[in-house]
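Written out below as structure tokens is the structure these notes cover.
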Protein chains: 2
Amino acid sequence: MVSPKTDTEQIRRENRRLLVETLRHQGPLARVELGAITSLSPATVTAITSELVAQGHLQELSSSEEPSGRGRPRVALSLVADSAHYIGIKISINEIRLMLGNYAGEVTKQFSVQLNTSALSPQQLVHELSGEVQRFIDKHHLQMAELKGIGLAVQGVVDQQHGGILWSPAFRQAQPGLAEALSQRFNLPALIANDADCLALALHTQPRYRDTKDLIAIQLGYGVGMGLIQNGQLYLGSRGAIAEFGHTKVSLDGPLCRCGARGCLEAYLGDYALLRDASAFVTLPPGDPMHPSEEQMQYIQKQASLGNENILHIYQQAGRMLGLGLSNLMALYNPEKIVISGPGVRAAPLSQDPIQEALQESLLPYLRDTDCVETHHWNEDLTGKGIIAMLQKMSD
Amino acid sequence: MVSPKTDTEQIRRENRRLLVETLRHQGPLARVELGAITSLSPATVTAITSELVAQGHLQELSSSEEPSGRGRPRVALSLVADSAHYIGIKISINEIRLMLGNYAGEVTKQFSVQLNTSALSPQQLVHELSGEVQRFIDKHHLQMAELKGIGLAVQGVVDQQHGGILWSPAFRQAQPGLAEALSQRFNLPALIANDADCLALALHTQPRYRDTKDLIAIQLGYGVGMGLIQNGQLYLGSRGAIAEFGHTKVSLDGPLCRCGARGCLEAYLGDYALLRDASAFVTLPPGDPMHPSEEQMQYIQKQASLGNENILHIYQQAGRMLGLGLSNLMALYNPEKIVISGPGVRAAPLSQDPIQEALQESLLPYLRDTDCVETHHWNEDLTGKGIIAMLQKMSD
DNA sequence: CCTCAATAATTTGACTGCTTAATTAAGAAT
DNA sequence: ATTCTTAATTAAGCAGTCAAATTATTGAGG
């Protein structure tokens with residue numbers, strides 16, 4: 001039997017995290033306000049915040065604002081954004097992107113590298129990543145002392161416990177021990193996460209979804225990913241890999257999925273599936289069909305918008321299947337919100353109606369009017385914010 | 001923003017619960033053993049246990065056992081089984097069963113009443129239940145002082161937060177405010193739970209599944225229910241209703257389900273569905289087709305075993321669909337174990353193979369060899385144990 | 001029978017955390 | 001200048017944990 005025993009230091013850690021997160025979300029706040037929001041006593045707020053001020057993570061704001069009325073004016077506390085830095089690495093097919101996050105949770109620098117990922121061995125991958133990270137550190141003159149962690153966001157199935165990649169479209173082989181290797185190389189904590197989990201976490205920090213206790217994030221793109229917020233926090237299965245929404249079956253004899261089975265949702269919805277199906281009707285812009293480019297996707301989408309019935313039908317079919325999958329998701333999880341994002345939302349106008357239709361057809365009566373599915377634009381890639389947030393959760 | 005602030009009393013409550021649950025699971029234990037298992041310090045164990053002894057919930061066992069060897073002999077602590085009582089009520093179609101649970105978590109008395117449930121109004125239901133509970137209390141000479149709570153286990157969709165029944169096959173109408181009404185009538189805490197959640201909780205207390213952090217319980221019977229243990233504890237969605245596994249879609253144009261949609265898993269697997277499908281091929285024993293009796297189910301099952309190809313085919317089809325549903329479940333939740341129980345497991349021999357086949361066909365490669373699905377006999381109804389356990393979790 | 005060794009259980013002292021209540025701080029109002 | 005009001009800090013007290021010391025209870029051995 002495991003023993004989740006609780007002790008007194010855990011309390012402090014929890015409450016500190018609570019305060020810091022409140023400040024991250026609601027901006028600079030005075031101690032009273034923090035107390036009111038968190039329902040911690042003023043004394044506790046003082047104790048924790050003065051500790052954080054001493055460490056340089058918090059800062060009193062010179063209150064040269066509007067006349068605050070009577071009484072001693074409240075002095076706002078704000079996070080010292082550059083009191084800590086985190087490095088996030090997003091690994092995609094043939095591209096890695098490095099991101100610098102600060103204590104406030106913002107992504108301040110980004111840098112992308114093209115790299116033929118698929119053939120890399122674990123050793124080579126560690127070598128490449130280490131090199132890029134070192135260059136990144138040098139370029140931005142980062143002090144090792146203020147670097148607090150490295151986080152990797154990966155498309156595919158990760159083993160978060162052991163810090164490895166079980167399967168990813170970016171690599172031909174598994175990448176075990178990746179986190180450990182990077183951790184040792186830079187003497188920093190390192191973690192690996194699925195990119196859809198990062199999306200879920202990042203969405204959950206946004207004002208619109210902050211108070212949502214149960215949220216499912218669906219990432220449409222090359223594949224179909226899913227991340228899950230339960231009880232206000234990211235849920236990862238006990239085995240570190242969960243929620244392969246893309247590989248739920250929506251038909252018995254559907255198209256072949258790259259996982260080897262038939263009828264997976266992903267085999268209707270994934271970029272590679274859309275492209276494959278569309279290629280029967282139009283000649284595509286050049287490119288590796290296994291790794292669809294944004295141009296290719298834009299192209300077929302445009303064809304559909306321009307009235308190509310065959311391709312429109314592909315999108316509508318995909319929408320219907322997504323609706324079916326979503327209805328199953330709602331039946332099983334009954335979340336407050338399902339947010340669909342990722343590059344694939346570009347096609348939302350084409351498949352919106354079939355999604356809704358399929359949803360309404362399949363939903364349980366008492367779920368039917370809950371309006372919980374929405375899309376979120378993909379103007380910025382939220383993965384970075386997510387991986388930074390994850391790093392922070394483990395370190396503060 | 002909600003504030004799950006932590007304080008010192010929470011620690012004590014948690015640790016007390018930990019100790020009591022350890023004793024419930026592993027029987028009488030000495031203080032050292034408790035300390036070792038929970039990894040609480042001896043001092044803490046003493047503090048908490050002496051409090052419980054003073055309250056009469058714990059008792060030192062006169063250690064008249066085997067020579068324990070050198071040293072001061074350990075004195076075992078045991079729960080005082082009748083230091084508290086709980087009343088569990090299982091509400092099924094046309095039957096309510098009252099159960100008495102004690103502090104040790106055992107169900108000691110049971111009593112069933114036949115009752116035409118379907119037409120009852122909320123007022124009538126409260127009236128009937130109150131009457132039965134009062135009779136039950138009188139019959140067993142229960143002291144109100146040692147009664148700690150009333151729990152209802154209901155087939156169907158419950159709203160645990162508000163203590164009401166949203167939908168149940170037992171009733172034509174919703175039953176809002178049921179828990180509150182009973183709570184006031186007897187001046188006791190009252191809660192309502194789904195019966196599959198109870199099953200999940202009860203299974204999780206069994207030795208075989210005690211250390212399973214993530215467990216899904218499937219209850220096959222009139223319908224198809226599901227309960228979920230996550231992170232070692234029962235998970236109920238934020239809205240109190242979750243996991244309608246029976247209403248996940250496994251085919252686009254399947255048979256009609258009582259929920260109004262087509263292709264629900266339940267429309268293949270539920271007793272009412274099996275019976276409906278079988279009725280085309282055999283003449284059934286008499287009975288209300290909407291509420292299949294155990295005799296009817298036994299009858300058609302026997303027909304299948306005796307070689308009726310048509311009926312066998314129904315079971316096999318059901319098995320295939322269950323396999324498909326399970327594979328989706330595994331893709332979405334990736335639990336350590338899925339345990340199938342409920343009266344419907346009687347047909348397990350008939351559908352075992354198709355289940356496995358469908359599973360293997362649909363599973364993701366890296367899940368394919370995990371052997372996580374198993375069945376659990378239905379010799380005893382575990383619902384009672386579950387609802388008692390749920391009451392205990394809220395009160396100790 | 002007496003002493004010692006071994007183990008169990010309790011007690012004690014130190015530490016940490018939170019809360020309430022009192023105190024101090026810093027301006028606004030008069 | 002004095003009073004009022006609100007913010008922040010400090011002080012006192014309590015709850016909880018743990019490590020270490022102490023006490024209790026037995027078996028082993030002379």
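Annotations
- DSSP bridge pairs, chain A: antiparallel proportion in percent, nearest 5: 65 percent
- Across the cross-link table entries B:K213/B:K249; B:K109/B:K385; B:K109/B:K139; A:K213/A:K249; A:K148/A:K385; B:K148/B:K213, which are compared at the Cα atoms, the separations over 20 Å belong to B:K213/B:K249; A:K213/A:K249; B:K148/B:K213.
- Percentage of interatomic Cα-Cα distances in chain A larger than 39 Å: 24 percent
- Integer Hz, Karplus 6.51/-1.76/1.60 couplings in order for the range B:70-83, x for Gly and Pro: 5, x, 5, x, 6, 10, 6, 9, 10, 5, 8, 4, 9, 7
- Placing R0 at 25 angstrom, the Cβ-Cβ distance between B:D371 and B:N231 gives a FRET efficiency of 0.70 after rounding to 0.05.
- Cα centroid of the range A:278-312 to Cα centroid of the range B:236-307, whole Å: 44 Å
- In Hz, Karplus ³J(HN,Hα) per residue of the range A:101-115 (6.51, -1.76, 1.60; θ = phi - 60°; x = Gly, Pro): x, 10, 5, 7, x, 8, 8, 9, 9, 9, 7, 10, 10, 7, 6
- Copy-to-copy label distances for B:P176, where each label lies 7 Å from Cα along Cα-to-Cβ, are 5.6 nm in order of increasing length.
- Computed over protein heavy atoms with a 1.4 Å probe, the carbon and sulfur contribution to the accessible area of the protein assembly as shown reaches 50%.
- Counts of other chain beta carbons within 10 angstrom of each beta carbon in peptide B:324-337 average 6.
- Projecting the Cα atoms of B:V45, B:A119, B:G232 onto the charge dipole of chain B, computed from C-beta unit charges around the Cα centre, puts B:V45 farthest toward the positive end.
- Computed over Cα pairs, the Kirkwood radius of the protein assembly as shown leads via Stokes-Einstein (1.002 mPa s, 20 °C) to a diffusion coefficient of 74 µm² per second.
- Buried accessible surface for the A/B pair, both sides summed and rounded to the nearest 100, is 5100 Å² with a 1.4 Å probe.
- Close amide H pairs (under 5 Å, H built 1.01 Å from N) link B:N194 with B:V154, residues at least 5 positions away or on another chain.
- Mean ellipticity per residue at 222 nm, deg cm²/dmol - from DSSP H runs of n ≥ 4 across chain B, formula -39500 (n - 2.57): -12500 deg cm²/dmol
- Look at the stretch A:212-221: the mean tally of other chain Cβ atoms within 10 Å of its residues' Cβ atoms is 1.
- Gain in span if fully extended, A:D353 to A:T46, counting 0.36 nm per residue against the direct Cα distance: 105.2 nm
- Relative to the other identical copies, B:P28 shows label-point distances of 6.6 nm, where the label point lies 7 Å from Cα along the Cβ direction and values run shortest first.
- Distance from the alpha carbon centroid of the range A:191-225 to that of the range B:333-392 works out to 30 angstrom.
- Residue-wise HN-Hα coupling along the range B:225-236, computed from phi with Karplus coefficients 6.51, -1.76, 1.60 (Hz; x: Gly, Pro): x, 8, x, 10, 9, 10, 6, x, 9, 4, 10, 10
- Starting from the label point of B:R13 at 7 Å along Cα→Cβ, the same points in the other copies fall at 2.1 nm, in ascending order.
- Amide H contacts for A:G223 (H built 1.01 Å from N in the peptide plane; partners 5 or more residues away or on another chain; cut-off under 5 Å): A:D271.
The values are calculated or read from the model by the stated rules, or taken from the named source; none is laboratory data. Everything numeric here is computed off the predicted structure, so don't read it as measured data. Glycine gets a Cβ as well: all are built from the backbone with ideal geometry, and neighbour counts include every protein chain shown. Just the protein is used for accessible areas: all its heavy atoms, side chains included, with ligands, DNA and RNA removed. Shrake-Rupley method; radii C 1.70, N 1.55, O 1.52, S 1.80 Å.
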